[in-house]
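Read through the structure below, which is laid out as structure tokens, and then see the notes.
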Amino acid sequence: MKKIGALILLTVMILAVFSGCSNTATVSVASATYQPLINNYGEQLPQYLDKQYYFDDKPISIQESNFYFINAYLDLSTYAMYGYFPANAKGYLDLSAPCTEQGYATYGEYFLKYAENSLESTCILLARAEAEGVTVTDEIKASIDTSLNDMKTNYAAPAGQTLDDYLQAYYGPGNTEATFRTILERYYLADAYSKVYCENYVFSDEEKFVPYLRYALFYAPETSDQATKDKALETATAMKNACSTIDDLTGLAQNAQQAGTVYDQGDILVPRGRMVPKFEEWAYEAGRTVGELDIIYAPEYGYFVVGYLGTQEQDKADLAQIALQKLSQSLLDEINAGTHNLHSTDVKVSSMTTTDVLIVVFFTLAGVAIAAVIVILIVNAMKKNKDTGSRGKSSSKNSSKPSNSKNKAADKPK
């Protein structure tokens, strides 16, 4: 069980990073109620908090909706910290800045939908947990007790605060140990349901077993000059012709990589959605036979000599991601079908867009299951997209890495 203390610690670490590299903002919100929150996050966030939301006509506590909004703000602010989104004076996401994401005028609108989607998806998980008899266990309660005691001892007390003061400074007005405990119990109940779903998910053979390829890459992306492309094709063809069997490709590719002719080589599993299109298309083309060799061109990278090794079962981590994605899709189907009704008396809850779908899949579902490391995952995904540059095609901030460590050329950031 992931402990919420780790999430709180991560939150504090992020705050320290932001406050250490930014200027102090001038406080313009008059209410002293928000002053501790403003000291930590700046002036922009409070206007999005303390809204009364309802899920299927049942009220959600203000403190609970604030919890998801603040976590969403921190998540998106990691993009601002790395220069992908505009930052305000304190280094957080600038909610007033014009938004480059389709369908949103400002990043405030983008943030609002991001937070609402995380809240709604969690509410659906909670409704399913109730319907299927999944409950908060004694283990979860003990874990929450430990986390709250750690927060009180290691964070609130050294700062000269009560735990209630500490919670209100980081998670909004009105928070007490009792209200926060309730929020965490519901948070982990959603997590518990996610785990039950994934543990009980029945995988099809197509999901379990995926193409397994051997490859050698001769780097010549579409931005290369024609001479570079011609040379890459020539050397790729020579290597393929030198192979009596697919087994020969390994040694030839390794030697060529050491000589600097081959950019990358190895054996790799090819789950759907992980690789650049041409690589995936070849792997899944009907009629593939074990030992077959070919040359393909992927404009993101260049020429591949590829060989078909058959199919292989994915490891447990990859299978767990499939189950999580299926859970994600089932939630999205319910949301898009209007099965549930999330609304607020203070703001208009708009319908979902393609961008929102990406947000829900990554933040809410991966987040519910691995909440304590969600920000780290986002940062790693952004770093990968930045490092690979034009080699990836998708605009989403997610990334997904196949199990073989020698796959840097074929892996497509998601």
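Below, the figures for the structure above:
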| quantity | calculated |
| --- | --- |
| Those residues of the stretch 263-273 which are farther than 12 Å from PRO211 by Cα and either free of Cβ contacts under 8 Å to residues at least 24 places away in the same chain or not small (Gly, Ala, Ser) (or both), in sequence order | TYR263, ASP264, GLN265 |
| Members of the stretch 51-76 that are open to solvent by 10 Å² or more (accessible area, probe 1.4 Å) and farther than 23 Å from THR339 by Cβ | ILE62, GLN63, ASN71 |
| Check on GLU120, in contact (Cβ under 8 Å) with a residue 24 or more places away in the chain, open to solvent by 10 Å² or more (accessible area, probe 1.4 Å) and within 24 Å of GLU334 (Cα to Cα) | yes |
| Sole exception among (1) acidic (Asp, Glu); (2) touching a Lys or Arg at 6+ places or on another chain (Cβ under 9 Å); (3) closer than 30 Å to THR228 by Cβ; (4) modelled with pLDDT under 80 for ASP294, by number | (4) |
| Where GLU334 falls short, out of the listed (1) at pLDDT 50 or above; (2) part of a helix (DSSP H, G or I); (3) of a type outside the set (Ser, Thr, Tyr); (4) closer than 24 Å to GLU280 by Cβ | (4) |
| Pairs, first free of Cβ contacts under 8 Å to residues at least 40 places away in the same chain in the stretch 178-203, second open to solvent by 50 Å² or more (accessible area, probe 1.4 Å) and of a type in the set (Gly, Ala, Ser), C-beta under 9 Å, six or more apart | none |
| Tally of residues being assigned to a helix (DSSP H, G or I) and open to solvent by less than 40 Å² (accessible area, probe 1.4 Å) across the stretch 171-206 | 13 |
| Matching option when the condition is modelled with pLDDT of 85 or more, over 20 Å from the mean Cα position of the chain (by Cα), more than 29 Å from LEU125 (Cα to Cα) and not hydrophobic (A, V, I, L, M, F, W, C), among ASN39, ASN23, ASN66 | ASN39 |
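Matching residues to (1) open to solvent by 10 Å² or more (accessible area, probe 1.4 Å); (2) farther than 26 Å from ILE322 by Cα:
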position: ALA216; (1), (2): no, yes
position: SER224; (1), (2): yes, yes
position: ALA242; (1), (2): yes, yes
position: ILE268; (1), (2): no, no
position: LYS278; (1), (2): yes, no
position: TYR284; (1), (2): yes, no
position: GLY302; (1), (2): no, yes
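The values are calculated or read from the model by the stated rules, or taken from the named source; none is laboratory data. Here the structure is a predicted model, which means the values were calculated and not measured. Here Cβ is always computed from backbone atoms with ideal geometry, including for glycine, and neighbour counts include all displayed protein chains. Just the protein is used for accessible areas: all its heavy atoms, side chains included, with ligands, DNA and RNA removed. Shrake-Rupley method; radii C 1.70, N 1.55, O 1.52, S 1.80 Å.
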